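Contents: one structure, followed by commentary.
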Amino acid sequence: MQVKDSVLIHVVEDDATVARLIEGALQRFGYECEVFRTGSDFLRRLRGQQPKLCILDLGLPDMDGMEVLQQVRARHRFGLLIVTGRTDTSDRVMGLELGADDYVLKPFEPRELIARVRSVLRRYEPAQPDLALGAAKVAQFAGWRFELGTHRLISADGREDTLGLAEAQLLITMLEHPNQILSREQLLSGRDVSALDRSIDLRVSRLRRRLEENPQRAKVIKTVYGAGYLFASTVSWK
């Protein structure tokens, strides 16, 4: 089975056996692949070429994968999937906090890896306009303005911030469903959520820190215990 267009994926993995497994799986499904054994080689390559997705191991020989993740997210916006043997939940939480899109533990089935790759790539596809919103490009709510095209968030006093892709997608989903309870599964676009997968809660926390005067007593993004989250604001579109 082949993908429709060539999609470049960078694999940062020092274990030759695992690298060959990942490369083989990607190539069987039509993805273009480039493998790096060290974090520094990968970061140097990014100066001249960006992939659609990076598959990143955390246990690299020259630098910690978390440091690579931080440097990537400070400068680039493409899909990032962690594949690692680290089983500690704190590593998983830290990776998601730093901006990883998903996390796969070794050992893994190649088909599972491909499914995760496809899921992450879909998040970075150009957004299709919502028919209900027509040509609306700017949302106004609770004194804020959010520009869908640039992901710029502008406060009432003119302060500007640019959201990362994951936070922007979360905010757009909430803006399209104001004053409705949305489950964590709905906010993750239908992806299964396990008890250990707190990625949506981490994204909500980051978004609250941007929007709320007191994130501990949130007025805009409210937690509905046992059900999900509610965006408690009127939204107007332009």
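Tell me, which residue of region 165-209 that is open to solvent by 50 Å² or more (accessible area, probe 1.4 Å) and of a type in the set (G, A, S) is modelled with the lowest pLDDT?
My answer is A195.
So that you can scan it fast, the table gives a plain yes or no per residue for (1) in contact with a strand residue (DSSP E or B) (Cβ under 7 Å, 6 or more places away or on another chain); (2) at pLDDT 95 or above; (3) under 30 Å from R208 (Cβ atoms); (4) among the charged types (D, E, K, R):
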position	(1), (2), (3), (4)
V3	no, no, no, no
F36	yes, yes, no, no
F42	yes, yes, no, no
G48	no, no, no, no
G59	yes, no, no, no
D64	no, no, yes, yes
V72	yes, no, yes, no
H76	no, no, yes, no
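Being surrounded by 15 or more Cβ atoms within 10 Å (Cβ to Cβ) and not acidic (D, E) is the filter here; which residues of region 42-57 pass it?
Across region 42-57, the qualifying residues are F42, L43, R45, L46, Q50, P51, K52, L53, C54, I55, L56.
From the residues in region 134-147 that are without any contact (Cβ under 8 Å) to a residue 60 or more places away in the chain and touching a strand residue (DSSP E or B) at 6+ places or on another chain (Cβ under 7 Å), which one is farthest from L69 (Cα to Cα)?
Result: R145.
List pairs: first residue in region 209-221 and within 15 Å of W144 (Cα to Cα) and in a loop (DSSP other than H, G, I, E, B), second residue polar (S, T, N, Q) and open to solvent by less than 100 Å² (accessible area, probe 1.4 Å) anywhere in the structure, Cβ distance under 6 angstrom, at least six positions apart or on different chains.
V220/S233
Could you grab me the full set of residues in region 118-164 that are closer than 20 Å to L187 by Cα, open to solvent by less than 30 Å² (accessible area, probe 1.4 Å) and at pLDDT below 85?
If the condition is that a residue be closer than 20 Å to L187 by Cα, open to solvent by less than 30 Å² (accessible area, probe 1.4 Å) and at pLDDT below 85, then G164 is the only one that fits.
Would you say A115 is under 22 Å from L230 (Cβ atoms), outside any loop (DSSP other than H, G, I, E, B) and at pLDDT 85 or above?
Considered against the rule, which asks whether it is under 22 Å from L230 (Cβ atoms), outside any loop (DSSP other than H, G, I, E, B) and at pLDDT 85 or above, A115 comes out as no.
The values are calculated or read from the model by the stated rules, or taken from the named source; none is laboratory data. This one's a predicted model, so the numbers in the text were calculated from it and none came from an experiment. Using ideal geometry, Cβ is built from the backbone for each residue, glycine included, and neighbour counts are taken over all protein chains shown. Heavy atoms of the whole protein, side chains included, go into the accessibility calculation; ligands, DNA and RNA do not. Shrake-Rupley method; radii C 1.70, N 1.55, O 1.52, S 1.80 Å.
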